[in-house]
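Quick notes on the structure that follows.
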Amino acid sequence: MKQRPQPPRPGNPGTVAAARRRARNRPVLQFIAAGLVALAVLVVGTQWLSQRAATDEAVADARATTTLLARAVVQPALTRALVDEQSAALDRFDQLALKRLVVGDVLRIKIWNARGRIVYSDEARLIGHRFNLGAEERAVLLGGGSDAGLSDLTQSENRYERSFGRLLEVYTQVVVPGGEPLLFEAYYSYDTVSRRSAEVLGAFRPITVAALLLFMLLTVPLVWVLARRLGASAAERERLLMAAVEASEGERRRIARDLHDGVVQDLAGISFAASATARELADRPEVARRLEKLGSGVRHSLRALRSLLVEIYPPDLRTEGLAAALDDLVAPASAAGIEVNLHVDDTSHVRDEAVALVWRVAQEAVRNAVRHGRPTQMRVTVAVPGDLVVLLEVADNGAGFEPHTVPREGHLGLRGLRDLIVESGGRLDISSAPGEGTRVTLEVAT
Amino acid sequence: MHRWISRTSVALMALGFAATASAPAMANSSDVTRQGGCSHNASWKVKAKPDNGRLEVEGEVDSNVRGQTWHWRILHDGRVSMRGKATTGGRSGSFTVERRIINTRGSDRVGWRAVNRNTGETCRGGVTI
C-alpha cells in the first residue's frame, strides 16, 4: 500500500506554542489596556471634577471673605460724609481700606451706590464716576445676599484691573447709617481659584491613581492565571480533538488499506479474468458477450470503489500528484452526468502543506457541490500564478445557497477548514446565491 | 495826614508779614509747595503732589529745637483728614509727615496744622492743588 499523506496541520510545534502564548496573553494585554484607558478616563474625570469642586470652594471662600470684610470692616466705617463724597471722609476710609481691605487675595475693592456711582475704590481715579450696574449687582445691592462671577475686563469700570489678569469679583450689600444700601465689591485673582484647584487635585489625584494602579496590580496576576487556565483548557480540548481526528484518520486508513489490498485487488483480478476468458470463448459469442459485460460491470464497480477510497482517505499527493488525485475526486461527478472541467497547474514546487490544503478544500467543495448543488457543470481549477500563491477555484451552476444563513450539513466542513486556512496564512471565499451556483476560492502561499 | 501815613504803614507792614508767613517755594510743575513761619520761632512747609488719583502730602515743621512734641493735623477741604503726634529731631530740630490722600474732583485744599502744646506755638499753612 502506498504511503498516505497526513492531513494538514496548523503549523509547526513552535508556531503552535507561540500562538498559544499569544492566545493566553491577549486577554491580559486587553485587560491592561482597558485598565490604562480607565485610568486615563479616571484621571481626566477626577481633574475635571476636582477643578469644579475647587472652583466652587474657592468662590465660596471668596464670598465668605467678602461677606466678613463687609460686615466687620466696611459697614462700621461707612459714614454719611463718605457717601456725600467729603474729601476728609474719603481719606480716612482710604487709610482703612489700604490697611485692612486690599490685603492678601483681595486685589481691588469698589463701593457703589444705587445710582451706579463709585463711592469709593482703592483705585482713586474711579471715585465719583458713574457706570451702569448690572442686573445681578443691582439685585444684590437692593435685596442683600452676595454673588460672584468672572470680571468682564472689557467694561470701562474695570479698565484699571486689566493688568491683573482674570479676576473673580464678589459683591454683597452694605448699609450706610440711615439705611441707604450700597454694594461692596471685592476682586480676587483667579490664580487663587487655580491654585485652590491644584491643591484639591493634588490631594485627590494620587489617591485615585494609586488606587487604580493597585487594583490593576492585584488583578492582572489573577487575570493572567485565569487566561493561562483557559489557554490550558483550550489546548487540552485541541489535543483531544486532534486525537479524535487522528483516531478517525487511522480507522479510515485501515479501512482504505483493507479495501485496496483486498477487495480492489480481487475485483481487478476478476475483471481481468472475465475479459481474458471472454476473448478465449470466440466460438461462444453469447457467453463471451456476457463475460465481457460482467468484466465491464466489475471495472465500473472497481472505479466507483476507488473513488470511494479517495473519499475515505486522501491519496498520496506527493507521489500521485494533485492532478491525479483531483481527477479521481471528480470521477464520481463525471459518472453522475456532471460536465466537469478540470485544470491543474504544475504544483511540484509547492510545499506539501499548501497542496494538502488545496486538496482538502477541493474535496469538501466538490463533495458539497455534488451532494447539495446538483449542478450540470462544474469547474475545478488549480493555478499557481507567479509561483507565489496557489489558487483553487471550484465553481458550479448548481442550486447555490444563501451564504449568510446557517450552513447546511456538509458546508460545515469548509467552514471548519477556515481556521486551518487562516493559520496557514491563506484566504477562503465562498460566494453563492440561491439558484446561481456556488464558487469556492482558496488562496494560499506556495 | 499823619493818621493816613500811620494806617498805610500798618497795612504795608501787615502785607509784608503775610508775605513772609506764607510764601511759595520752588517746586516741580506738578508739585505745589508752600512754606512760612509759625507763631514763634519755628517754620512750616507743606507740599502736595498728584499721584494716580491721590495726593502725596508732605508737611514739615522746623523749630531748631530737638525733642519737642508737636500735634499735627492734615485738613482736606477744611475738614480733618488725619492727625497725629511727632517729635522734632535731627540737627535741624524738625519733623516731617508724609501721607497720601484722595485727589478729589476739582481743586483740593490741603491744610497743614501743627501745635506745640508745651510752648503754645502754632503752625498753619496750606496749598490748593
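The values are calculated or read from the model by the stated rules, or taken from the named source; none is laboratory data. Computed from a predicted model, the values in this text were never measured in an experiment. Here Cβ is always computed from backbone atoms with ideal geometry, including for glycine, and neighbour counts include all displayed protein chains. What goes into the accessible areas is simple: the full protein's heavy atoms, side chains included, and nothing from ligands, DNA or RNA. Shrake-Rupley method; radii C 1.70, N 1.55, O 1.52, S 1.80 Å.
A few remarks follow.
- Surface share of carbon and sulfur [accessible, 1.4 angstrom probe, percent] for the range A:89-143: 48
- Surrounding net charge for residue A:131, when Lys and Arg each add one and Asp and Glu each subtract one, Cβ distance under 9 Å: +1
- Under a 5 Å amide H cut-off, with hydrogens placed 1.01 Å from N, residue A:281 pairs with nothing among residues at least 5 apart or on other chains.
- Note on residue A:235 and residue A:100: the extension gain reaches 40.6 nm, defined as 0.36 nm multiplied by sequence separation minus the Cα-Cα distance.
- Extension reserve of the residue A:217-residue A:374 stretch, reckoned as 0.36 nm per residue once the Cα distance is removed: 50.5 nm
- In degrees, nearest ten, helix A:352-368 long axis to first principal axis of chain A (Cα): 80
- The range A:58-95 and the range B:46-89: distance between their alpha carbon centers, rounded to Å: 26
- Close amide H partners of residue B:54, meaning residues 5 or more places away or on another chain with modelled amide H under 5 Å apart, are B:103.
- 0 to 90° range, to nearest 10: angle between helix A:412-423 axis and chain A longest Cα axis: 60
- Helix A:13-69 and the longest principal axis of the Cα set of chain A meet at an angle near 10°.
- Burial of 20 Å² or greater, the range B:102-129 residues [accessible area, probe 1.4 Å, versus chain by itself]: B:102, B:104, B:105
- R0 of 56 Å, Cβ-Cβ distance residue A:388-residue A:166: FRET efficiency to nearest 0.05: 0.25
- Residues in the range B:24-102 average 52 Å² of solvent-accessible surface per residue, probe 1.4 Å, ligands and nucleic acids excluded.
- Förster radius 41 Å - calculated FRET efficiency between residue A:335 and residue A:279, Cβ distance, rounded to 0.05: 0.95
- For the range A:245-262, 3J(HN,Hα) per residue [Karplus equation, 6.51 cos²θ - 1.76 cosθ + 1.60, θ = phi - 60°, Hz, x = Gly/Pro]: 4, 5, 5, 5, 4, x, 5, 5, 4, 5, 5, 4, 5, 4, 5, 5, 7, x
- Magnitude of the charge dipole, the protein assembly as shown, Cβ model with Lys/Arg +1 and Asp/Glu -1, debye to 20: 3160
- When the charge dipole of chain A is built from unit charges on Cβ atoms (+1 for Lys and Arg, -1 for Asp and Glu) and taken about the Cα centre, the candidate among A:321, A:149, A:269 whose Cα reaches farthest toward its positive end is A:269.
- Within the accessible area of the range B:67-124 (1.4 Å probe), percent carbon and sulfur: 39
- Whole-number accessible area per residue in Å² for the range A:158-278, which is evaluated in the context of all protein chains at 1.4 Å: 56
- Candidates A:359, A:48, A:224: whichever shows maximal mean-square fluctuation once chain A is modelled as a Gaussian network with Cα springs under 10 Å: A:48
- Beyond 38 Å, the tail of the calculated P(r) for chain A holds 59 percent of the Cα pairs.
- Between the range A:187-260 and the range A:319-333, the Cα center-to-center distance that results, in Å: 47
- Anisotropy class of the range A:239-302 from Cα gyration tensor, a/c 1.5 cut: prolate
- Rough spin-label spacing in nm, given labels placed 7 Å along Cα→Cβ, for residue A:263 and residue A:138: 10.8
- Reduction of at least 20 Å² in accessible surface, 1.4 Å probe, comparing all protein chains with the chain by itself, residues of the range A:66-93: A:85, A:86, A:87, A:88, A:90, A:91, A:92
- Amide H contacts under 5 Å for residue A:108, placed H, 5+ residues apart: A:187
- Residue by residue, the range B:53-67 carries 3J(HN,Hα) couplings of x, 10, 10, 8, 10, 10, x, 9, 10, 10, 10, 6, 10, 7, x Hz when phi is fed to the Karplus relation 6.51 cos²θ - 1.76 cosθ + 1.60 (θ = phi - 60°); x denotes Gly or Pro.
- Whichever lysines have a C-alpha closer than 23 Å to that of residue A:99, once near sequence neighbours (fewer than 8 apart) are set aside: A:110, B:49, B:85
- Accessible surface buried upon A-B contact (total; probe 1.4 Å; Å², nearest 100): 1300
- Surface composition of the range A:144-265: carbon plus sulfur atoms hold 63% of the accessible area, using a 1.4 angstrom probe and ignoring ligands, DNA and RNA.
- Rounded to 5, percent antiparallel among DSSP beta bridges of chain A: 90
- Helix-only [θ]222 nm of the protein assembly as shown, DSSP H runs n ≥ 4, -39500 (n - 2.57) each, per residue, nearest 500: -15500 deg cm²/dmol
- Estimated at 0.36 nm per residue, the fully extended path between residue A:253 and residue A:446 surpasses their Cα-Cα distance by 66.7 nm.
- The 3J(HN,Hα) values that the Karplus relation (6.51, -1.76, 1.60; θ = phi - 60°) gives for the range A:300-307 are, in residue order, 4, 5, 4, 5, 4, 5, 5, 4 Hz. Gly and Pro appear as x.
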